[in-house]
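The numbers here are math on the coordinates, done by the rules we state, and not lab data. Remember, it's a predicted structure, so these values are computed and weren't measured experimentally. Here the Cβ positions follow ideal geometry from the backbone for every residue, glycine too, while neighbour counts run over all protein chains shown.
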Amino acid sequence: MKTIIFMWYLMTGTIVPQKEVDGRMTYRVEFNYLTEITEGNQTFIGTNVDYAYKGEILQWIETNEFNYNEEL
């Protein structure tokens, strides 16, 4: 189901492809609402993120919280 939602977001412009980093595609995510975004030990509230990997986006779809995590 997450993959279907991911594809829907790509088609509607919520997720926009950016560039390849270390052989993996990255995306910009435009949230329709304020979202908790975590990078390392810092957490902030925002409406978009840049250079997100697909695994990070799929986790956001599932949890409604965005965490930068290159291992996903």
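Structure notes:
- Segment 2-68: antiparallel DSSP beta bridges as a percent of all, rounded to 5: 80 percent
- Rounded to the nearest 20 debye, the dipole size of segment 2-68 about its Cα centre is 220 debye, using +1 on the Cβ of Lys and Arg and -1 on the Cβ of Asp and Glu.
- Interchain or long-range residues, amide H under 5 Å from Tyr51's placed H: Tyr27, Arg28
- Residue exposure sequence - Lys54, Lys2 - by fewest surrounding Cβ within 10 Å: Lys2, Lys54
- Candidates Phe44, Phe66, Val21 compared by Cα position along the dipole of segment 2-68: farthest toward the positive end lies Val21, with charges placed on Cβ.
- Summing +1 for each Lys or Arg and -1 for each Asp or Glu among the other residues whose beta-carbon sits under 14 angstrom from that of Lys2 gives -1.
- ³J(HN,Hα), Karplus 6.51/-1.76/1.60, whole Hz, each residue of segment 46-55, x for Gly, Pro: x, 10, 7, 9, 10, 6, 8, 7, 4, x
- Over segment 28-72: Kirkwood hydrodynamic radius from C-alpha pairwise inverse distances, Å: 10.4 Å
- Gain on full extension, evaluated as 0.36 nm per residue between Asn67 and Asn32 minus their Cα-Cα distance, stands at 10.9 nm.
- CD proxy at 222 nm, helix term only [per DSSP H run n ≥ 4: -39500 (n - 2.57); per residue of the chain; nearest 500]: -8500 deg cm²/dmol
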